[in-house]
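These notes are about the structure you will find just below.
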Amino acid sequence: MTAQRFYFSHLECSDTGARVEADRPHNLSPAGKPLLARYDLLRARGEIDRDEIAARPGGFWKWRELLPVRDDEHVIRLGEADTPLVELDGAAAAIGAKGRVLVKDEGRLPTGSFKARGLALAVAMARSFGLTRLAMPTNGNAGAALSAYAARAGMQSWSFCPADTPDVNVREIALHGGRVYRVNGLIHECGALVAAGKQRMGWFDVSTLKEPYRIEGKKTMGLELAAQLGWRLPDAIFYPTGGGTGLIGMWKAFSEMQRLGWIGDERPKMFAVQAAGCAPIVRAFEDGADHAEEWRGARTFAAGIRVPKAIGDFLILRAVRESGGAALAVSDAHIQAARTLCGARDGLLLCPEGAATLAALERAIAGGLIEKDAGVVLFNCGSGLKYPMPAAGELLDRNAEIDWDAI
Ligand SMILES: *Cc1c(COP(=O)(O)O)cnc(C)c1O
């Protein structure tokens, strides 16, 4: 692809709207808020064709005209592909859904989670700026993606995880050549460690939303989804919300697509799904607040959404409210039950965060927040195989008499 099909123009403070030039690495805006990438969409509108782009191979990298990476030499590839929309049948019926329920299965991406989308972009941009030392706090999947894309680009990475992060994630990071530490604290406390070591260690901080390009990678979920559905968005989207990067990113994608004339002004209801043991966005939503207070004593086995404080809180809340959706909390027991249900009825092993969206759909239908026959998309953000699973597999002594009736 040639450089004239490049439309990224500058960064903008998500709070004040102040313009920031994108000619060097940035973290937060001068006002201390996330920076958003802006494109010359007016020019793009006359020059690019949605169907030509959608037909390309290469997964999320196909959307280059709507991404900030200028030169091909900075793109990092690990076999990205579009993730499938898997229709639920038995599980959907069991929770009272009468419309089409699709799971966007992000576990098929490199490193087994949608963190690949954001980190591929962040690492590619860091590479374009000549950075070589990247660090961040992570509940596991982000570190796995960071270490993989950094390794591929010949860069070094440091990941700081809460001590109880699933083993498989921590070991995966190490096998990608990343430095990884278990910290006796939660993710925002790991983030404070990165901030404290930044100067001394010469790190660039790639924490979500403290760096402007992870959101551009996550935005591709909205582009890809629209293309897969024939440029018609679903009635509702259920998104497991930690830092909220994906929800904010998709909302941004929808408005960019509208400005390009790819879709109209219709929008899905956006449901931000959190675990009852860590639900700062739900509490703020219910209180009618613009910002979310830190959640104390966060507890849930859905590690990816155990985020007590999100810097993009106001952006998540704004998108949810503008869409006519809601923020919903579901208990760990309900998440477990939804994971079991989906596996047994539909043969699809969800990650706990993905299972939370199925549980939330059940609540939304029961509470009348959406029509029973609404067309919905649930995000299964990671492979179910990356998580601890309940014990199974009774021992069978092949030398003893087998009780066939019990089998
Ligand atoms: C990171 C993560 C989330 C939360 O994603 P955000 O876009 O940061 O809110 C949810 N589930 C899994 C499995 C994750 O890794």
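The values are calculated or read from the model by the stated rules, or taken from the named source; none is laboratory data. Predicted model, so just to flag it, every value in this text is computed and none were measured. Methodologically, a virtual Cβ is constructed for each residue, glycine included, from the backbone with ideal geometry; neighbour enumeration extends over all protein chains shown. Ligands, DNA and RNA are excluded from the accessible area calculation, which covers all protein heavy atoms including side chains. Shrake-Rupley method; radii C 1.70, N 1.55, O 1.52, S 1.80 Å.
Within 12 Å of the ligand (Cβ to nearest atom) and open to solvent by less than 30 Å² (accessible area, probe 1.4 Å): is that true of residue 306 in this structure? Spelling it out, residue 306 is indeed within 12 Å of the ligand (Cβ to nearest atom) and open to solvent by less than 30 Å² (accessible area, probe 1.4 Å). Applying the set (1) within 17 Å of residue 334 (Cα to Cα); (2) open to solvent by less than 60 Å² (accessible area, probe 1.4 Å); (3) touching a Phe, Trp or Tyr at 6+ places or on another chain (Cβ under 9 Å) to residue 388 leaves exactly one unmet item: (2). Residue 252 - would you say it is away from the ligand (no atom under 16 Å from the Cβ), touching a residue at least 60 places away in the same chain (Cβ under 8 Å) and part of a helix (DSSP H, G or I)? In short, no.
Taking each residue of region 323-352 that is over 27 Å from residue 253 (Cα atoms) and open to solvent by less than 40 Å² (accessible area, probe 1.4 Å) and looking for partners that are away from the ligand (no atom under 14 Å from the Cβ) and not in a helix (DSSP H, G or I) with beta-carbon atoms closer than 6 Å, six or more apart or interchain, yields 342/348; 348/86. Just the residues that are surrounded by fewer than 20 Cβ atoms within 10 Å (Cβ to Cβ) and not in a helix (DSSP H, G or I), please, taken from region 357-380. Residues satisfying the conditions are 367, 368, 369, 371, 372, 373, 375.
Residues that are within 14 Å of the ligand (Cβ to nearest atom) and in contact with a strand residue (DSSP E or B) (Cβ under 8 Å, 6 or more places away or on another chain) within region 255-294 comprise 270, 271, 272, 273, 274, 275, 279, 280, 281, 282, listed in sequence order. Look at region 268-294: where a residue is in contact (Cβ under 8 Å) with a residue 24 or more places away in the chain and a partner is assigned to a helix (DSSP H, G or I) and surrounded by fewer than 14 Cβ atoms within 10 Å (Cβ to Cβ), sitting 6+ places away or on another chain with Cβ atoms under 9 Å, you get 270/322. Scanning region 219-253 for residues that are under 15 Å from residue 321 (Cβ atoms) and either among the aromatic types (Phe, Trp, Tyr) or open to solvent by 10 Å² or more (accessible area, probe 1.4 Å) (or both) turns up 239, 248, 251. Of everything in region 112-134 that is buried (at least 24 other Cβ atoms within 10 Å of the Cβ) and not in a helix (DSSP H, G or I), the residue that is farthest from the ligand (Cβ to nearest atom) is 134.
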